[in-house]
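Everything on this sheet refers to the single structure shown next.
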Amino acid sequence: MDVKLLTKSGKHKSFLPPRKKFRKLQRDNIQGVTRPALRRLARRGGVARISGTIYDEARKALKDKLTEIIRRIVHVMDSATTPGHERKVVTSKDVVFVLNQFNICPLAHLHLHFAYT
């Protein structure tokens, strides 16, 4: 038996088997969008009363929209690569470009208009 496994800084420790690497469990993170968060979004949109069945439908719609936006951002990054250089970092310019394709202006409150040529 190896002495280094038994001793640590001069003190004897009981032999423990090596720990397994912690593996993060995959779960449905869309449940992190809570009912109060969805309620605040609805209030901002002018909704006064919300049915209880709306929350799951709103989460599903939000997940579908985010999936499509991320898919298009990855497509923009793939089309911007050259044979010798692959892009690995998503910039804010990529996100604004894709959101403008969806006619979503992320900077509408600033009254700025971007023209991509």
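The values are calculated or read from the model by the stated rules, or taken from the named source; none is laboratory data. Everything numeric in this text was worked out from a predicted model, so none of it was measured. So basically every Cβ, Gly included, is an ideal-geometry build from the backbone, and we count neighbours across all protein chains shown.
Numerical summary
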{"quantity": "Filter result for Pro36 (within 20 Å of Ala61 (Cβ to Cβ) and either outside any loop (DSSP other than H, G, I, E, B) or at pLDDT below 75 (or both))", "calculated": "yes"}
{"quantity": "Tally of residues being of a type in the set (A, V, I, L, M, F, W, C), outside any loop (DSSP other than H, G, I, E, B) and modelled with pLDDT under 85 across the stretch 68-117", "calculated": "2"}
{"quantity": "Hits in the stretch 47-73 (condition: closer than 17 Å to Phe97 by Cβ and either surrounded by 13 or more Cβ atoms within 10 Å (Cβ to Cβ) or of a type in the set (Asp, Glu) (or both))", "calculated": "Glu68, Ile69, Ile70, Arg72, Ile73"}
